[in-house]
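I have placed the structure first, in the form of structure tokens, so that the comments after it can refer back to it.
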């Protein structure tokens, strides 16, 4: 029993390493230019061995896109849920910004793959990812609607455009964030402060 468990753990670790490595390679080389053989070689395994974990390149990239997105969104959800049911709309929004930023930084290879691959994917995989992206966007739309309902977002601010602005800014974190120049928490705080200065109703 112990040997089977160890073997299973080893297989899971190999699968996880393959996902991370493949995400990096797909993100750098694109879908068409990346082969299963290339991934196997860089992973240091036999080319045939990769098919023990993934039956095809399509299945592998599908899991990278789905699993990577889930990892990033999980950071967001955990930050928001940790606040409890009495949190204000602004607290939830700020937690979501920090959560998504931290998820992107921690899972940078998956984030790079997401940013690079959507237009290159096989049709079935792309369709699934577009639906998943739509669910993520609706989550942010909900956070913005909460801000509006609580008086923290002007009525003339377009939710769709506000969400594009927010996500574009957050998702760019990989290209400029340097932990040596400040914490992610501080960056997130300043980003939110600048956002709210622009969207809050003017007093008086």
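Is it the case, given these coordinates, that residue 66 is surrounded by fewer than 16 Cβ atoms within 10 Å (Cβ to Cβ), under 21 Å from the mean Cα position of the chain (by Cα) and part of a helix (DSSP H, G or I)? Show your work before the answer.
Details: surrounded by fewer than 16 Cβ atoms within 10 Å (Cβ to Cβ): yes; under 21 Å from the mean Cα position of the chain (by Cα): yes; part of a helix (DSSP H, G or I): yes.
Spelling it out, residue 66 is indeed surrounded by fewer than 16 Cβ atoms within 10 Å (Cβ to Cβ), under 21 Å from the mean Cα position of the chain (by Cα) and part of a helix (DSSP H, G or I).
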Given (1) modelled with pLDDT of 90 or more; (2) assigned to a helix (DSSP H, G or I); (3) more than 13 Å from the chain's Cα centre (by Cα), number of the condition residue 197 does not satisfy: (1)
Tell me, yes or no, whether region 71-86 has at least one residue that is within 25 Å of the chain's Cα centre (by Cα), surrounded by fewer than 18 Cβ atoms within 10 Å (Cβ to Cβ), modelled with pLDDT under 95 and more than 30 Å from residue 139 (Cα to Cα). no
Quick check: anything in region 190-200 under 23 Å from residue 135 (Cα atoms) and out of contact with any helix residue (DSSP H, G or I) (no Cβ under 8 Å at 6 or more places or on another chain)? no
Residues located in region 146-171, provided they are over 16 Å from residue 99 (Cβ atoms) and under 18 Å from the mean Cα position of the chain (by Cα): 164, 165, 168
Might you let me know whether region 40-59 holds any residue that is more than 23 Å from the chain's Cα centre (by Cα), in a loop (DSSP other than H, G, I, E, B), surrounded by 13 or more Cβ atoms within 10 Å (Cβ to Cβ) and at pLDDT below 95? yes
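Test residue 62 against the stated conditions and say whether it is in contact with a helix residue (DSSP H, G or I) (Cβ under 6 Å, 6 or more places away or on another chain) and over 25 Å from residue 192 (Cα atoms).
Yes: the conditions hold for residue 62.
Which residue, of 117, 147, is without any contact (Cβ under 8 Å) to a residue 60 or more places away in the chain, surrounded by 15 or more Cβ atoms within 10 Å (Cβ to Cβ) and in contact with a helix residue (DSSP H, G or I) (Cβ under 8 Å, 6 or more places away or on another chain)?
Details: 117 fails: without any contact (Cβ under 8 Å) to a residue 60 or more places away in the chain.
Only one candidate passes the filter, namely 147.
So in region 174-191, with the set limited to residues that are closer than 24 Å to residue 114 by Cα and surrounded by 10 or more Cβ atoms within 10 Å (Cβ to Cβ), which one is modelled with the lowest pLDDT? Walk me through it before giving the result.
Our first condition is that a residue be closer than 24 Å to residue 114 by Cα; within region 174-191, this holds for 174-179, 184-185, 187-188, 191.
Checking the rest, the ones that are also surrounded by 10 or more Cβ atoms within 10 Å (Cβ to Cβ) come to 174, 177, 184-185, 187-188, 191.
Details: 174: 86, 177: 89, 184: 93, 185: 94, 187: 93, 188: 95, 191: 92.
So, considering only residues that are closer than 24 Å to residue 114 by Cα and surrounded by 10 or more Cβ atoms within 10 Å (Cβ to Cβ), the one modelled with the lowest pLDDT is 174.
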Residue hits (region 20-39; in contact (Cβ under 8 Å) with a residue 40 or more places away in the chain, assigned to a helix (DSSP H, G or I) and closer than 18 Å to residue 120 by Cα) are 22, 23, 24, 26, 27, 28
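The values are calculated or read from the model by the stated rules, or taken from the named source; none is laboratory data. Every value quoted in this text rests on a predicted model; they were computed, and no experiment measured them. Neighbour counts run over all protein chains shown; Cβ positions are idealised from the backbone, glycine included.
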